[in-house]
Amino acid sequence: MSFCVAIDGPAAAGKGTIAKSVATHFELPHLDSGLLYRAVGARELQGEDPVSAAEALDPSELDAEKLRTAEIAKAASRVAVIPEVRAALVDFQRVFAQRAGGAVIDGRDIGTVIAPDAAVKLFVTASVEARAERRHAELMARGEASDLAQVRDDVAARDRRDRERTLSPLVAAEDALTLDTTDLTIEEAVEAAIAAVAAKR
Ligand code: C5P
């Protein structure tokens, strides 16, 4: 039977780490759906038409490391508002969500649009300040130049764009369990997520 864990939430709330840890713990394949939008954003930055880029995307060829820059994150949230881009990326995600052995997918619209029947839905969130500090530390650790105030503005702008778009906006599914990680260590957040999944497994 398929067992999909859908993990949604705003940028830098910890959903990537949580999704990876849940996938490892339960031995499930993991898809970071943000990488699909980042790959399209990266191509748009190179002058490609985002809709053609999304239609031609080979999800098996995503280079996660190269796609995790602040500039590409911004481009991703710009192309993510285009209905044809989202439409081109839906099938791959739905097929992944329905894998027979189960799957973990994280993103913005997994519990609401991609896998509304997911066995477990988590909405991972945290205050803008906490998320900006985490993203800032992450960028510095990667050797990218980073300014905390700028990161906070970028995170807030991306939140707004993700929440206010008409198609597949960032919103918690009605049946999602909200996990606020503002005052949690990443270990505590992972533990809470694993407990929530274990309860339904
Ligand atoms: O999760 P990540 O920060 O990599 O996502 C980059 C951007 O891709 C998000 O800000 C959002 O605009 C878009 N996205 C989306 N739907 C998803 C995953 C990501 O619109 N399921």
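When you count, for each residue, the other Cβ atoms within 10 Å and take the mean per peptide, how do 121-128, 4-11 rank with the highest first?
Descending mean neighbour count gives 4-11, 121-128.
Select from 172, 196, 155 the residue farthest towards the positive end of the dipole of the range 4-200; place +1 on Cβ of Lys and Arg, -1 on Cβ of Asp and Glu, and compute about the Cα centre.
The Cα lying farthest towards the positive end belongs to 172.
Just to be sure I follow the rule: in the range 4-200, considering lysines 8 or more places apart or on different chains, how many pairs have Cα atoms under 23 Å apart?
Qualifying lysine pairs in the range 4-200: 10.
From largest to smallest, what semi-axes in whole angstrom does the range 1-119 give when each is the square root of 5 times an eigenvalue of its alpha carbon gyration tensor?
After diagonalising the Cα gyration tensor, the semi-axes are 24, 15, 12 Å.
Please list 131, 99, 108 from largest to smallest accessible area, probe radius 1.4 Å, with all protein chains kept in place.
99, 108, 131
Just round it to a whole percent: the fraction of Cα-Cα distances in the range 46-96 exceeding 14 Å.
58
Quick one: dipole size for the range 4-200, taken about the Cα centre, charges +1 on Lys/Arg Cβ and -1 on Asp/Glu Cβ, in debye to the nearest 20.
With only Lys, Arg, Asp and Glu charged at Cβ, the dipole is about 160 debye.
Just the Cα atoms of the chain: what Rg and Dmax do they give in Å?
Looking at the chain, its Cα Rg and Dmax stand at 15.9, 47 Å.
Using a 1.4 Å probe, how large is the accessible area of residue 191, given in Å² and rounded to the nearest 10?
130
Would you mind telling me which residue in 114, 186, 72 has the biggest mean-square fluctuation in a Gaussian network model of the chain, where springs connect alpha carbons within a distance under 10 angstrom?
Of 114, 186, 72, the most mobile in the Gaussian network model is 186.
Give me, ordered by chain and number, the residues 5 or more places off residue 180 or on other chains with an amide H under 5 Å from its own placed amide H.
Sorted by chain and number, the residues that satisfy this are 125.
What helices in the chain pass both tests, a Cα length along the helix axis of 18 Å or more and a mean Kyte hydropathy of 0.5 or higher, using whole DSSP H runs?
186-200
The values are calculated or read from the model by the stated rules, or taken from the named source; none is laboratory data. Note that the coordinates shown come from a computational prediction; the quantities given were computed from them, not determined experimentally. Using ideal geometry, Cβ is built from the backbone for each residue, glycine included, and neighbour counts are taken over all protein chains shown. Surface accessibility is based on the protein's heavy atoms, side chains included, excluding ligands, DNA and RNA. Shrake-Rupley method; radii C 1.70, N 1.55, O 1.52, S 1.80 Å.
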